[in-house]
Amino acid sequence: MFNKFKLGDICEIVSGTTPNTSCSKYWNGDINWITPAELSDDTIIINESVRKITRQAVIDTGLKSFPPGTVILSSRAPIGKVAIAGREMYCNQGFKNLICSERINNIYLYWFLKRNTQYLNSLGRGATFKEISKSIVSDIQISLPLIEEQIKRAENLRKCWNVIILRKRELCKLDDLIKARFVEMFGDIKSNSKKWEQVYLKDISYLISGGTPSRAKPEYFEGEIPWISTVALGKTEIGFEDAIEYITKDAIENSATKLIPANSLLFGIRVGVGKVSKNVVPMCTNQDIVSITNIDDNFNLVFLKYLLDEYLDFFNGQKRGATIQGIKSETLKNILVPKVNLKLQNDFEQFVNQVDKSKYVAPYK
C-alpha cells in the first residue's frame, strides 16, 4: 500500500488569465501563452504556443508564469488535456497547472492525470460548461510510491504510449486513404470541381441545437438518457457507453436540450469545431453541438460525415470568440452539398467499411 496525498499538498497550483484581446500592445510579443486548444492527445512536452503575449501584458494583467517541468492541466473546454511545459510559460484561464514538489515526479503525475480523464470530467461543475476549480484539483488524491518507483513506472508507461502512438499513425494513414478516395469519387467539394448540382444542408435535413440542464438541480443528472458534450465526438459512432452523463426526462422538459433520434449526425460548433459523429442510440447534447436529423433519403450518412470533414478548414476560418471560439449554426446550415447519385454514395460507404475492418486487425503479436 502506498500513501495517499492531496495534489494541493504536494504541488503548487497556478491558474492563468487572458489579457485584453482588444489591446494591441498586449499581443504578438515573444512570450509563450497557451490555451487548451493547443494540446492534443499525443502531447507530452510542449515548448511553444500559437499566440504570444508581450511583457506589458504580463505586467498589466498580473500573470504568473510556471516553470519548465510544470504539469499543465486543462480545467475547462475541455477538462483533462494534459502536457508538461518544456520551458517557462503563461496560460489562459482554461488551465490549473501543477508545479511539482520533490515528493512527486512530474512525468508520473502526467500519466496519472492522463489515465483519469473520465474521473476529472466527473468532478466538473458549472451551468453553461463544466469546469474543475483550483480547490477541486487541490483535493484530488494520488497514491505515491517512492520517487525511484515513480520514475520507473513513468518510464514503463512511456514505452507503452510509444506503441500506442505508432498504432495511431497507422490508423491516420487509413483515414487518409478514405479521404483520398472521397476526393477521387466526388472531387473537391468546396470548389465543386465535378460540377454537381448542389443544395444547402438545411434543405435536406433538420438541424437541432442542444442545451445544458441546470446544474443547480443535481437530480436532473440522475437519469438514463445519454447527454454528451463535444468531448464524446470524434468517434465514427456514439452509443450509451460514450455518454459523459445521463439525464432525466424532467431535465429535457426544463432546459434547451432535446432528444435527438438515433442515426443523426452530431456536429461540434464550439469547443471542438468540426468534430462529427453518428449517434446509434437516441441521446441529448449540450449547446456546443448541433444535431443534423431527418436527413433526406437521397443522402447517405457516411457520405455526409466525410463531406463535413472536407469543410473543416472552412469551419476553422469562420471561428469567432475571445475566450472560447466557435461557429454559428447558420454557417453549418448553409454549406453546399452535392446531389450525388445515391448508389455512388453507397459505394463509398462500402469502401469506408472495408477500410474500417482493417483498423481492427491487430498489428502486433
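The values are calculated or read from the model by the stated rules, or taken from the named source; none is laboratory data. Keep in mind that what you see is a predicted model, and the values were worked out from it rather than measured. All Cβ positions, even for glycine, are placed from backbone atoms using ideal geometry, and neighbour counts span all protein chains on display. Just so you know, the surface numbers come from the protein's heavy atoms only, side chains and all, with ligands and any DNA or RNA stripped out. Shrake-Rupley method; radii C 1.70, N 1.55, O 1.52, S 1.80 Å.
Observations on the model:
- The set of residues in the range 93-110 being outside any loop (DSSP other than H, G, I, E, B), open to solvent by 10 Å² or more (accessible area, probe 1.4 Å) and touching a helix residue (DSSP H, G or I) at 6+ places or on another chain (Cβ under 7 Å) consists of 96, 100, 107, 108.
- So residue 167, is it at pLDDT 90 or above, over 30 Å from residue 3 (Cα atoms), open to solvent by less than 80 Å² (accessible area, probe 1.4 Å) and of a type in the set (D, E, K, R): no
- Some residue of the range 288-310 being touching a Lys or Arg at 6+ places or on another chain (Cβ under 9 Å) and within 30 Å of residue 19 (Cα to Cα): yes
- Selected residue (criterion: most open to solvent (accessible area, probe 1.4 Å)) from residues of the range 44-61 that are in a loop (DSSP other than H, G, I, E, B) and without any contact (Cβ under 8 Å) to a residue 40 or more places away in the chain: 50
- Residue selected from the range 62-80 under the condition small (Gly, Ala, Ser) and more than 21 Å from residue 324 (Cα to Cα), by the criterion most open to solvent (accessible area, probe 1.4 Å): 62
- If the condition is being open to solvent by 10 Å² or more (accessible area, probe 1.4 Å) and either of a type in the set (A, V, I, L, M) or over 20 Å from residue 327 (Cβ atoms) (or both), then the range 268-277 contributes 269, 271, 273.
- Residue list for the range 297-332, filter: assigned to a loop (DSSP other than H, G, I, E, B), surrounded by fewer than 13 Cβ atoms within 10 Å (Cβ to Cβ) and either modelled with pLDDT of 95 or more or within 15 Å of the chain's Cα centre (by Cα) (or both): 297, 298
- Residues in the range 181-230 that are part of a helix (DSSP H, G or I) and open to solvent by 60 Å² or more (accessible area, probe 1.4 Å): 181, 183, 184, 202, 203, 218, 219.
- Residues of the range 237-255 satisfying the condition of being among the small types (Gly, Ala, Ser) and either open to solvent by 20 Å² or more (accessible area, probe 1.4 Å) or in contact with a Phe, Trp or Tyr (Cβ under 8 Å, 6 or more places away or on another chain) (or both): 243, 251, 255
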